[in-house]
Amino acid sequence: MISPLPLVMIAAAIGAALLGFAFVRSGVRWFLGLGLGAVAGGAGSMLFMIPLDYCTFAAERKPYEAEFGFLLVGIGMAVVLIPVGWISLRLLRGESLMSTASQPTQGTFRHWWIAIPLLAPTITILVLFLYYPSIETVRLSAHLSRLGAKREAFVCTTNYTRLVENSDYLDVVIRTMYISAAIVVLSMVLSLLIATMAYLPIRGASIYRTLLIWPNAISPAVAGLIFLLIFNPLGGIIDHVLGSAFRLGWTNDPKVAPWTIIIASVWKSMGYNILFYIAGLQNVPKDLIEAGAIDGAGLIRRFTHIVLPMLSPITFFLIITNMTYAFFDTYATIDYLTPGGGPLESTNTMMYQVAQLGVFGERADLGKAAAQSIVLFVMVIGMTIVSFRTGGRQVTYGA
Amino acid sequence: MTVRRFHIVMMVLVILAAVLMPATVAQEPAEIEVWVAFDDYRLDWVNEVAAEFNAMFPQYNVVIAGGRSYETMFAEATVAAEQGEQPAVIHYFEAATQDARDSGLFKPIADALGDRTEVNGLPVDLDDFIGPVAAYYTLDGKFTSMPWNTSSAIWFSNMSYLEAAGIAEPPATWDEVEAACEAIMALDNAPQYCFSWPNHGWFFEQWLAQQDALFVNNGNGRDERATEVAFNSDAGVAILTWLDDMYNKGYLYYSGAQGGDSWATVDQAYQTQQIAMAAYSSSDTTLYTQFGIDGGFTTVASFLPYNDDTGWTGNLIGGGTLWLTDGLDPEVEEGALTFLLYMTNTENAASWHKLTGYIAIRNSANELLESEGWFAENPNQTVAAAQLAQSQVTPATSGALVGGFPAIRTEITGAIDRVLLTDDDPAEVLAEAAEEANIIIEEYNLLNVD
């Protein structure tokens, strides 16, 4: 059992040391850093622990739950310390909080409060439909809560630690990764290929382009239904087309079923990607390609050295949107093609499991689903940051 | 001149009519929302009955809403209740009985009726319901929900395949199923698989009951509230082992779909003659018989085959009942009650049975069908009722009452899925499912039991 007071004091000491050091390096008075750091570090350590009532450190909890508690203390400290340090440093050095690029050059409001009524509609909607549900999700994740049940029970961080204990969840995470990666890569490569062909000056190109884009207008559920007719393991259309040699258990063989989902999702998302790639191809300057041709670059060389780099902003944008689609929007396709998550749960992705466990399935377990949705949320945020840090640098925005 | 006078007269009449309208138009009918867990021809039947009812009782307006399956309707109803938008009547399957009872959202039919013998001129005769049905839904000595669609698990055989393989009678036991499959799959024009079944928890429960084994403790939750599952027994392992054996021999077709989504996959396989036999619910006896007529073969219905080693004790009922929401406006409650009585009256019970194959739930309806010669002409339609009538009544064959039942079923179908598709040991897999099911019960009881 670790009591709260020493924990807060250690956190305050760490915070003081960190900010003090940062202030010294920036040439600002060090004792201000010490004071701010102590307050921010102490407060940060309580960010998650006050709502949880320090339950992870209670005597009856397992050792790894205490470790999870330390992790939460650390995250809370980081969440408070980093912005406090950053803002106070800039203010103390007399810098503006906004970067020069985003500062308005003209047309500022006379009074600062005029912004409030103008922002109010957006803020209202964000609070009602984003911030409040997010906070409620965090609260639910610390509870045993079932839809339709008479009451809730506080369960500390059990909903999270159970995920670590349970090797099934790791399988779900890995499966989600490879299904999503396959969807994003296949869909984008195929889309670029098709967009390049559809951009060729051929007769009736506009008709081809329209036909190529329309799957985007179909909902994921309908995509699932269409592919169920094609891939039904008994008497599906594909068996008639390919003959009995290719008779695979498209939806009932655990090795094949994820690929059926991938094929359906790729087909569904390709229209969107093709649309953007055709638009991107139209912006590649003709004279650049002509110059390349005159210099003796072949078709493939022109494509890889001129077209592809010119398309990189669109490719980067599409990677982010496709990743979001693969993680969050394939739910209905999975539900229609392989209801319940497929044979041996082979098509059960993180998002599908959250929806099944919490809302659409029989278990109606809001608490466990909330914990899993927070894990998913943190993961997607992390991956987006990683792609901005790595991919974002490769992007050329101009010639 | 005359035209102008005509205009004036018309205007006066229109004004008069407008003034008098509110007094002369009948009161708005009370709207009674009814949710039914069907979306096919069965929903059409309910809509027809509701239309007849609305014509007979203009003071009420029954509005029917359909759903994809019992499981999804159960989840939707839970959300609706949470938001205070519960319909007047909800159609729940047998597995939701304990949850519905604990929710406190519903009023027992017996309480709503009081000691009346008729409601709005419709007779109340609860003794007319056949024994097993009345017994299942009489809780704490009270008639709780209104029985409507009641079925049992039975076996359908495509006799063209069986006869070609030299088998005269549908198999009655697991061994006979295997023997029949061996013969059928040896045919030159053998189907792709020998038989299939919906991977729905209900069939596991049926096979468990046949062996007189309990699903949950405390007398299947009927003596006292169930606190643990009991299906993790030799009888339970035997079911998984048999299914796995049939699957490995290439006899059993498994579509990969579980729960409410599994039914349609078996329909498709049987209708297209890709399988010779199917375990199914008697709810679709009419449909399966029709599949045969349309496809040029004969469908014969028979009792659900049982485990040779443990013998046959009896089968469970299944299906759904209609639950009356508590705290309704008195007029709406009266209307809902009237509709429930109308929907399950003798004529409707008989027409419902003919349309689907669900058991005719009233003795009077059975007499009516008998006198029409229906049973003599349609022997398949007698199988489910006979199977229930011959069943010994034990705690096992009465069916389980347990909170979180629908979620427990998902554990069972997941276990069967794993046993079929991997080499994992059935006993181990079932033990793990039992462990998870016990957590479900424990959590359910923690949140719902006072």
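Observations on the model:
- The HN-Hα couplings worked out from phi for region B:38-55 by the Karplus form 6.51 cos²θ - 1.76 cosθ + 1.60 (θ = phi - 60°) are 10, 9, 10, 4, 6, 5, 4, 4, 4, 4, 5, 4, 5, 5, 4, 4, 5, 6 Hz, whole numbers, x standing for Gly and Pro.
- For region A:127-205, alpha-carbon Rg over 2.2 N^0.38 Å: 1.93
- Interchain or long-range residues, amide H under 5 Å from residue B:61's placed H: B:30, B:31, B:32
- Contact order relative to length of region A:4-96, as percent, for alpha carbon pairs under 8 angstrom and 6 or more apart: 30
- Length added when fully stretched, residue B:233-residue B:52, from 0.36 nm per residue minus Cα-Cα: 60.2 nm
- Each principal axis of region A:4-96 carries a Cα extent, and these read 50, 22, 17 Å when sorted largest first.
- Residues in region A:348-371 occluded by at least 40 Å² - accessible area, probe radius 1.4 Å, against chain by itself: A:362, A:363
- Inter-part distance where region A:23-87 and region A:130-183 are each reduced to a Cα centre, Å: 24
- Each 10 Å bin from zero holds the following percent of Cα-Cα pairs in region B:161-238: 17, 35, 24, 16, 8, 1.
- In nm, spacing of pseudo-spin labels at residue B:377 and residue B:115 (7 Å Cα→C-beta vector): 4.5
- Positive-end residue of A:182, A:388, A:339, charge dipole of region A:163-394 with Cβ unit charges: A:388
- For region A:290-399, the convex hull spanned by the alpha carbon atoms encloses 137 Å³ per residue.
- Quotient of Cα Rg and 2.2 N^0.38 Å for region B:26-169, N being how many residues it contains: 1.31
- Note on residue B:229: accessible area is roughly 20 Å² with a 1.4 Å probe, heavy atoms of protein only.
- Size of electric dipole in chain B: Cβ of Lys, Arg +1 and of Asp, Glu -1, about Cα centre, debye, nearest 20: 1740
- For region B:258-263, Karplus couplings with θ = phi - 60° (6.51, -1.76, 1.60), whole Hz, Gly/Pro x: 10, x, x, 7, 7, 4
- Across region A:190-289, Cα pairs under 8 Å and at least six residues apart give a relative contact order of 42 percent.
- In the frame of its principal axes, chain A has Cα extents of 74, 57, 42 Å, reported largest first.
- Spatial separation of Cα centroids for region B:77-130 and region B:244-292, in angstrom: 33
- Mean Cα-pair separation over length for chain A, i.e. relative contact order, pairs under 8 Å, 6 or more apart, %: 16
- Pairs from the table (A:62/A:368; B:107/B:142; B:142/B:354) lying more than 21 angstrom apart at Cα are B:142/B:354.
- Label sites at residue A:138 and residue B:431, each approximated as a point 7 angstrom past Cα along Cα to Cβ, lie 4.2 nm apart.
- Under a 5 Å amide H cut-off, with hydrogens placed 1.01 Å from N, residue B:196 pairs with B:253, B:277, B:278, B:279 among residues at least 5 apart or on other chains.
- In region A:4-96, a dipole from Cβ-located charges (positive for Lys and Arg, negative for Asp and Glu) runs towards its positive end, and of A:32, A:69, A:59 it is A:32 whose Cα lies farthest in that direction.
- Range of Cα positions in region A:163-394 per principal axis (Å), largest first: 65, 47, 28
- Accessible carbon and sulfur surface of the protein assembly as shown relative to its total accessible area, %, 1.4 Å: 63
- Fully extending the segment from residue A:169 to residue A:379, taken as 0.36 nm per residue of separation minus the present Cα-Cα distance, adds 74.2 nm.
- B versus A: buried accessible surface, summed, Å² (probe 1.4 Å, to nearest 100): 3000
- Value of [θ]222 nm, deg cm²/dmol, for chain B, DSSP H segments ≥ 4, -39500 (n - 2.57) each, nearest 500: -15500 deg cm²/dmol
- Centroid-to-centroid separation of region B:138-161 and region A:339-399 [C-alpha atoms, Å]: 41
- Anisotropy class of region B:299-370 from Cα gyration tensor, a/c 1.5 cut: oblate
- Complex-versus-alone comparison for region A:251-283, residues with a loss of 30 Å² or more in accessible area, probe 1.4 Å: A:252
- Average accessible surface area per residue within region B:376-435, 1.4 Å rolling probe, Å²: 37
- Pair residue B:326, residue B:43: separation of 7 Å Cα→Cβ label points (nm): 3.0
- Sum of -39500 (n - 2.57) over DSSP H runs of 4+, divided by residues of chain A (222 nm, nearest 500): -21500 deg cm²/dmol
- Per residue, in Å², the accessible surface of chain A once ligands and nucleic acids are set aside, probe 1.4 Å: 55
- Global size of chain B: 25.1, 101 Å for Rg and Dmax (C-alpha atoms, Rg to one decimal, Dmax whole).
- Taking all protein chains together and rolling a 1.4 Å probe, residue B:225 ends up with roughly 80 Å² accessible.
- Averaged over B:402-409, number of beta-carbon atoms from partner chains that fall within 10 Å: 3
- In order along region A:28-43, phi translates into HN-Hα couplings of 9, 4, 5, 5, 5, x, 4, x, 4, x, 4, 5, 5, x, x, 5 Hz, rounded to whole numbers, per the Karplus curve 6.51 cos²θ - 1.76 cosθ + 1.60 with θ = phi - 60° and x for Gly and Pro.
- Share of pairwise Cα separations in the protein assembly as shown, more than 47 Å, in percent: 39
The values are calculated or read from the model by the stated rules, or taken from the named source; none is laboratory data. Remember, predicted model here, so these are calculated numbers, not experimental data. For neighbour counting, all protein chains shown are included, and Cβ atoms are generated from backbone atoms with ideal geometry for every residue, glycine included. Heavy atoms of the whole protein, side chains included, go into the accessibility calculation; ligands, DNA and RNA do not. Shrake-Rupley method; radii C 1.70, N 1.55, O 1.52, S 1.80 Å.
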